[in-house]
Amino acid sequence: MSSVLKKKILNSINIFVIFSLILFLILTFANNYFLNFTEFQHKSNKCQLKNGLSYDSSQKTYPFTIVTGASSDHYCALQSWLYYTSLSLSPIPEFHRPRIIVYDLGLVNFQRNALNYLHQKNYFTHYKLFNFLKYPSFWNISISKGEYAWKPAIIAETFREFPGIVLWLDSGTFVSTDFLMNVEKLVNAYDGFFSPKSNGNLLKWTHPGVFKYFNDSTKKTKYKKSINCNAATLLFDTSRVSHIIKEWENCAHKKECIAPNGSNRTNHRQDQAILSYLMIKNNRNCDNYGIQFGIRTHMDKYCAQMIWEYEEIYGEFWSPNAQDLKEMKEIIENFPELSIYDIWTKSGKDAILEEIKKSGNYSLKLGDVF
């Protein structure tokens, strides 16, 4: 082989080695840059808040869904529920946190503005305005609370959009961190449906017209002995009980089923009565006290005090503008029966604090519910 050819081969090898080294350095730099950029993007997708939750906005799946709702007279309860739920969820790893849906059942404008602010702060993931116009006229929430027929519809809407584990909580119902950590185990242990028991048995709180509608008899032993479920807390695995939810929803569309003639709150519990009947009929029972599972009901009576305390600890949030203040003042003055609290202005908060001092029996603290 000539020396000229050897020299050419050697030069080619050197060029190849140098090119390979340059390519290696470029790829290494690009990979490190990509990893750092990806980490930066991941951190940017999170909203880290001093108060509220840290949700990854790119997250597409959730282990389960919590759904609640409120009309204008229960907004105070809803806001305190959102605050407390954020505290219960805060120790839980992000991947185990649920989707949280809030249904607007007739809030007024200034309440929607406040709720929108809390939505932006990641206290919940989905806002939905319930469309009463799609449903029977007796569902009008301003008349007999719409016979509570909207609740089966909300749960049915939710499981159709987000099948899997669905937890309904009234806005006055607080649950502990342990409860939220063990939702999947709990619903599996109870064959796809869990609800704590409420006071009284099925026959006490279910109008006879319900049994007539379903062509059933009140004389059956299982109906005489079974306890009512508590519709303030309803946990479903929709893959196992969707047929019961559908039957519950179908009943809600017919007044003679969910609110038979002659029924009222002294002898019937509408949505709760029908669901209890259907679950017992399908051999599922509600026979445990909620408190033993970390469930507290009727916390709405403390809503203003709890909001005041939470914001004292974590800082102030939404501030109403002039239009909001005007609307709030008019509603409070003209519709006192709505029990709408001023939980935003200084004078409103001062009044809440004064009420706490006067009552002398308010000992419940945010950290002491469970």
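Within the stretch 345-370, residues that are acidic (Asp, Glu) sit with their Cβ atoms under 8 Å from residues that are at pLDDT 80 or above, at 6+ positions apart or across chains, in these pairs: Glu355/Ala304; Glu355/Gln305. Pick from the stretch 252-273 the residues that are in a helix (DSSP H, G or I) and touching an Asp or Glu at 6+ places or on another chain (Cβ under 9 Å): which of them is surrounded by the fewest Cβ atoms within 10 Å (Cβ to Cβ)? Applying the filter and picking the extreme gives Lys255.
Condition check: on the phi > 0 side of the Ramachandran plot, out of contact with any Cys (no Cβ under 8 Å at 6 or more places or on another chain) and small (Gly, Ala, Ser). Does Gly290 satisfy that? Answer is no for this residue.
Determine whether Val187 is over 30 Å from Tyr83 (Cβ atoms) and part of a helix (DSSP H, G or I). No; evaluated as a whole, the condition is false for this residue. With respect to Asn228, is the statement that it is touching a Leu at 6+ places or on another chain (Cβ under 7 Å) and either surrounded by fewer than 21 Cβ atoms within 10 Å (Cβ to Cβ) or within 23 Å of Glu147 (Cα to Cα) (or both) true? Here the answer is yes, as Asn228 does meet what is asked.
Could you please let me know if Ile332 is modelled with pLDDT of 90 or more and either in a helix (DSSP H, G or I) or closer than 20 Å to Tyr223 by Cα (or both)? Judged against the criteria, Ile332 is not a match. In this entry, Tyr213 is excluded by the filter for residues that are under 18 Å from Tyr289 (Cα atoms), modelled with pLDDT of 95 or more and among the aromatic types (Phe, Trp, Tyr). The set of residues from the stretch 190-203 being part of a strand (DSSP E or B) and closer than 10 Å to Leu235 by Cα comprises Phe193, Phe194. Just to verify a result, which residue in the stretch 81-118, among those that are exposed (fewer than 15 other Cβ atoms within 10 Å of the Cβ) and more than 25 Å from Ile313 (Cβ to Cβ), is nearest to the chain's Cα centre (by Cα)? Selected residue: Phe95. Applying the criterion of being in a helix (DSSP H, G or I) and without any contact (Cβ under 8 Å) to a residue 24 or more places away in the chain to the residues of the stretch 219-251, the residue that is nearest to Gly192 (Cα to Cα) is His243. Against the list (1) buried (at least 23 other Cβ atoms within 10 Å of the Cβ); (2) assigned to a loop (DSSP other than H, G, I, E, B); (3) at pLDDT below 95, the condition Ser171 fails is (3). Working carefully through the options Thr85, Thr61, find the one that is assigned to a helix (DSSP H, G or I) and either modelled with pLDDT of 95 or more or over 27 Å from Ile343 (Cβ atoms) (or both). Being assigned to a helix (DSSP H, G or I) and either modelled with pLDDT of 95 or more or over 27 Å from Ile343 (Cβ atoms) (or both) holds for just one of Thr85, Thr61, which is Thr85.
Which one is surrounded by the fewest Cβ atoms within 10 Å (Cβ to Cβ) among residues in the stretch 119-160 that are part of a helix (DSSP H, G or I) and on the phi > 0 side of the Ramachandran plot? Spell out the reasoning first.
Residues of the stretch 119-160 that are part of a helix (DSSP H, G or I), as a first pass: 119-120, 132-134, 137-139, 144-148, 150-160.
Next cut, on the phi > 0 side of the Ramachandran plot only: 144-148.
Numbers: Ser144: 15, Lys145: 17, Gly146: 27, Glu147: 21, Tyr148: 20.
The residue in question is Ser144.
The values are calculated or read from the model by the stated rules, or taken from the named source; none is laboratory data. Quantities reported herein were computed from a predicted structural model and do not represent experimental measurements. Quick reminder, even Gly has a Cβ in these numbers, built from the backbone with ideal geometry, and neighbours come from all protein chains shown.
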